[in-house]
Amino acid sequence: MTSLPLILVGSDLRVLVIGGGPVAAEKLRTLLAGGVRPTVMAEKVGDAMRTLIDEHDLECRQRPFRDGDTDGYALTVVASGGDRELAERVRDEVTARGALVNCADFAELGNVHFPATTRRGPLTVSISCDAHLGRLLVAARGRQRAGLGTPGARSPEGQGSGAVPLRAMMRRRIRRDRRAGHDGRGGRRRRRRGVGA
């Protein structure tokens, strides 16, 4: 998969979040941190989601998704709680309009993915990877949060000390994948034959 990293101006986006569970709440936190004030749509709203909606005075439509609900939104985030049929339905509606969709439970369905991101004042650092390195991304997110933390936070070894172990971990993983024959794009590397072979 070839991807194009972008930075979107959150305050200018009309965004819809479909889902009310913990995964939807995590996506909502990410959007709020980026300056987005999304509309939430969920049949059932969990405690974490309810807290965020109330704290940020967001519009919440507590009902099931209906055809046409994504009209007018530049980005739709669907955290369907494992309901692939709903995720596909939302994806089909959004992509038919040429808009952006993130499918939290089924990443392969979406045309937008959220990288692990840390903000320090005017600096934004994001980490992402191809699908076959998904476990590495999860580990990187944990290390990024532990090492860089929140703006102004310091880890026990000093500010930003998690960056070096993260880099080392990523290098080890890439070397191991290369030895195993992965090409870095999710496929197997072809071996070249030498002259006379």
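Throughout, read-outs are computed from the coordinates displayed, never taken from laboratory work. Owing to the predicted nature of the structure, the values given are computational and were not obtained by experimental measurement. Here the Cβ is made from the backbone with ideal geometry for all residues, glycine too, and neighbour counts use every protein chain on show.
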Neighbourhood net charge (13 Å Cβ-Cβ; Lys/Arg +1, Asp/Glu -1) for residue 36: +2
Rounded Å value of the spacing that divides the Cα centres of the range 1-25 and the range 57-129: 5 Å
DSSP beta bridges in the range 1-125, what fraction antiparallel, as a percent rounded to 5? 20 percent
Counting sequence-distant residues (5 or more places) and residues on other chains, those with an amide H built under 5 Å from that of residue 17 are 39, 40, 41, 77
Sum up the charges of everything whose Cβ sits under 10 Å from the Cβ of residue 102, counting Lys and Arg as +1 and Asp and Glu as -1, but leave residue 102 out. +2
Shape verdict for the range 9-103, please, from the Cα gyration tensor: rounded (a/c under 1.5), prolate (a/b greater than b/c) or oblate. oblate
Among 31-40, 61-70, 112-121, how do they line up by average Cβ neighbours within 10 Å per residue, starting with the highest? 31-40, 112-121, 61-70
